[in-house]
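> Attaching a single structure in structure tokens format; questions to follow.
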């Protein structure tokens, strides 16, 4: 199981949102590249990067910054936010991104999503972002009218390589993981699943760790490692000791 430090980019800064609300951003650094390097130097094996400007606008806004970020670290980077065309996907992969996270397109344009998966096999994952069981799109501001159980079979059939599940109500709130919702997704799919939203302490990681035998492949953490309630190096050491 991997632990993914999150680097969320908005207006060229490294921020964290509370429950995905655009105007509730806390700035943690003016230099996302330096933050990425810091987490890599601490021993992270992956980075999770979100272009929040892209997520809200529907088009990439930080391509050059993300290119510099990829060049500055020697670990793979996964990225989401505003990837709504084959052209944009290709440019991000050329910039050094290892795999892409698709949200809106996966739920609203099945034909394009399938084309992305067939063009870049094994590199396209889906972000399943839910509030009260309902999936959201367009930077978490639009209601898709769908549930996780309704969409997972078709997304798998289209070629989704992995899933990321976020309980929006817990994202950035450091209130623990919604384990029942996570378990429901794990029961639905054989694809690797990553969890985001709610991780605040090592105890939260320890609580979900047993689910690795059910397909939980990674944990994404953001505010907790920036605010200090979770020591990234200690968490990575604990995970390593379980192997």
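> Could you put 39, 238, 46 in order, starting from the residue whose Cβ has the fewest other Cβ atoms within 10 Å?
Ordered from fewest to most neighbouring Cβ atoms within 10 Å, 39, 238, 46 come out as 238, 46, 39.
> Can you order the peptides 98-107, 211-220 by their average number of other Cβ atoms within 10 Å per residue, highest first? Each step should come with its number before you reach the end.
Numbers: 98-107: 22.6, 211-220: 17.1.
Peptide ranking by packing, descending: 98-107, 211-220.
> What per residue convex hull volume, in Å³, do the alpha-carbon atoms of the range 202-243 yield? Walk me through the numbers on the way to the answer.
Values: hull volume 2.7 nm³, N = 42.
Cα-based convex hull of the range 202-243, divided per residue, equals 64 Å³.
> Something else about it: Going by a ≥ b ≥ c, the root eigenvalues of the Cα gyration tensor, does the range 1-112 fall in the rounded group (a/c under 1.5), the prolate group (a/b larger than b/c) or the oblate group?
It is oblate, given that a/c is not under 1.5 and a/b is not larger than b/c.
> Please arrange 53, 30, 8 by counting, for each residue, the other beta carbons lying within 10 Å of its beta carbon, fewest first.
Details: 53 19, 30 11, 8 25.
Ordered from fewest to most neighbouring Cβ atoms within 10 Å, 53, 30, 8 come out as 30, 53, 8.
> Would you mind checking the radius of gyration and Dmax of the chain based on alpha-carbon positions, in Å?
16.2, 43
Values in this text are rule-based calculations from the coordinates and carry no lab data. Note that the structure is a prediction, hence the values are computed from the model and not measured. A quick note on method: Cβ atoms are made from the backbone with ideal geometry, for glycine too, and the neighbour counts reach across all protein chains shown.
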